[in-house]
1. Highest GNM mean-square fluctuation, chain C, Cα pairs closer than 10 Å: which of C:151, C:66, C:129?
2. Once amide H atoms are placed 1.01 Å from N in the peptide plane, what residues at a sequence separation of 5 or more from residue C:278, or on another chain, have their amide H within under 5 Å of its amide H?
3. Non-local amide H neighbours of residue B:37 (under 5 Å, H modeled in plane, Pro and chain starts lacking H): which ones?
4. By count of other Cβ within 10 Å, fewest leading, how are A:188, B:117, C:72 ordered?
5. Compute the longest continuous run of chain C that contains no exposed chymotrypsin sites (Phe, Trp or Tyr not before Pro); treat a site as exposed when its DSSP state is not H, G, I, E or B and it has at most 11 other Cβ atoms within 10 Å.
6. Give me the net charge for the shell around residue C:159: Cβ to Cβ below 15 angstrom, other residues only, Lys and Arg +1, Asp and Glu -1.
7. Go ahead and run the numbers for FRET between residue C:316 and residue A:109, Cβ-Cβ distance against an R0 of 41 Å, rounding to 0.05.
8. Among the complete DSSP H segments of chain C, which ones combine at least 27 Å of alpha-carbon extent along their axis with a mean Kyte-Doolittle hydropathy of -0.5 or more?
Amino acid sequence: MIQAIAFYLFATLVLASGVLTIVARNPVHSVLWLILAFFNGAGLMLLVGAEFLAFLLIIVYVGAVAVLFLFVVMMLNIDFAELRAGFVKNFPLGIAIALVLLAELVLGVGAYRAGALDLGTADGMAAPLAGESNIENIGALLYGRYLFLFESAGIILLVAMVGAIVLTHRGTRSPRGQQNIARQIARKPSEATVNTKPEIGQGVEL
Amino acid sequence: MDLIQYLPILIFLGIALGLSGLFVFLPMGVARLTGAHNPHADKLSEYECGFPAFEDPRSQFDVRFYLIAILFIVFDLEAAFLFPWAVSLDLTGWPGWITMMVFLFELTVGLAYAWKKGALEWE
Amino acid sequence: MTQTFMNWGMTHEWAWFTATIAGILLIALPLMLAVAMIIYADRKIWAAMALRRGPNVVGPFGLLQSFADGLKVFLQETIVPSASNKGLFLIAPIITFTVALAAWAVIPFNSGAVLSDINVGLLYILAISSLGVYGVVVSGWASNSKYPFFSAMRAAAQMISYEVSIGFILICVVLWAGTFNMNGIIEAQRGHGFGIVNGFFFNLLLFPMWVMFLISSLAETARAPFDLTEAESELVAGYQTEYSSMSFALFWLGEYANVLLMCALNAILFFGGWLPPLNIDLIPWFDVPGWIWLFAKILFFFFVFSWIKATVPRFRYDQLMRLGWKVFLPLSLAFVVIVSGYLMFTRYG
């Protein structure tokens, strides 16, 4: 009972905030609605028992990806009027993409229903995994059977990182110079100061 | 897993939201009742050391903040991959460990590149 | 607690529900009280370190100072700047405070005394504390004013920078404990040092992790010496500049609740949480309750936090970023390798 209530609560909120993400006039509001959608999506994942994935969704998407989105929409001076003018122009393209995606979904689900694809759905016949909790099972699979996929994910992350640096890094330009902490610490008073006792009337030679 | 363990968290979230909402909106009501609510234009203008604001505060920002956010995503994902690995070492054994070391090496190369390029420098 | 309510003649569901509500209130209300008292303690500690008296007028020894401040703030007018995004402006303190409260749902106060004993308790804390950045960013942006905006951007970059190394440090702890469950992590520390001392800090490989965690938790909660988000000489009051009345106070409450949470995490992850410091029966037939040990440890760490605030000068932003990305990140990454390698040889190999 409670599970059903929670499901409808999360599902309604996901749909509502998804719609609001699209129709919100201010991009910052859009991103915030998107975050709410992610958050409720995590709730839905919890309900189907994927607790690790649910928290991963919050940690990675809400905690990291959405922060980047917020940075971008908050700090770029976006002209809202211009954006909305583009909306009308790109509307047919958007509809076309949406239709393609919808067709793919229908095809995929249809093919699956027809039994042409074997997606390895659990039929209760597979041997139970060794670990007792969700997260251990994922670990055992990911670092056992799907090892190469995991390594290629690492390569993709590396490429993403290098790409981000190449695209956004503008080289060091520091008019004030860098602080060399090791040199500061290594500096001794004896090297930095000189004690002299000049005669009266005579200057100090530096 | 035990789904019932998550119900208190949901209730807690609800109560915390209600409580903090109360804290924000109740004083607004009280201020109206006591007469403390007395807005005027100068009070409602944004603060800039006493003189009128020069320009739009939401200005463009240094690109390094984006770079930090992108690097954060990469390393956050790396940590996300480490979480299941850390508790399943007893199941995966040495192959699992070596796999993760290769993965960490890949990202260390990325970190070294960022370091070398000066992406981690702040003036 | 469910059992007690069932003895009063309730059905199981209602007893569970009542027990849960009571548990939530038992966490939330004392937490708010503790925050009020901890603000007072903070001011007293700085004052003592600067040879001042600190608050000493309201109530005996000034003990009621925070409550007087609270009442004053409550009766003030809530100013919503005309140029701000009003809805978001009011939602930001709600986010901050809700997040600060909700993280306490998985903190174990004694063996079995935890509101929700989930498998991935540590991940829950990580997830919830990664939401904390939104309260700051939203408040800074919604204020539509220069200082809050700068402060919010600084705070966001600072918090995410240190979250990275905190994640790796937590992985080291989890590697050793073998679980994400908070009670499991505490139990794993029983008799960790030669069977006598409880706590991971006695471990040569985890002790450096604790030092880094303590410093990172200062940065994560934007406490001195990392309080660049409200560096008053540059940014007025940071992201709180435009706030007034209870919305302003909510940021304070949330901030201090987060500080307490970080102290609790230090105690739980490295100092054995509700376990007594030594794993021997010092006084036979008498057990100090676990929650007293936990609170004592939290208070100790809070003292360390204020001690640091009273004595260490503020970092510059480039130094802060350097420490996070160039020192803590490679170090914690290296320790993940070292700790897991050691465990592979000794435990799993």
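FYI, it's all coordinate maths here, none of it is from the lab. On a predicted model such as this, the values are computed, not experimentally measured, just so you know. Reconstructed Cβ throughout: ideal geometry from the backbone, glycine too, with neighbour counts over all protein chains shown.
1. C:66
2. Excluding prolines and chain starts, which carry no amide H, the hits are C:198.
3. B:32
4. So the ranking, lowest neighbour count to highest, is A:188, C:72, B:117.
5. Looking at chain C, C:9-193 is the longest stretch - no exposed chymotrypsin sites (Phe, Trp or Tyr not before Pro) with at most 11 other Cβ atoms within 10 Å.
6. Charge balance in the 15 Å sphere: -4.
7. 0.15
8. The answer, listed by residue number, is C:12-49, C:121-142, C:146-177, C:245-270, C:290-311.
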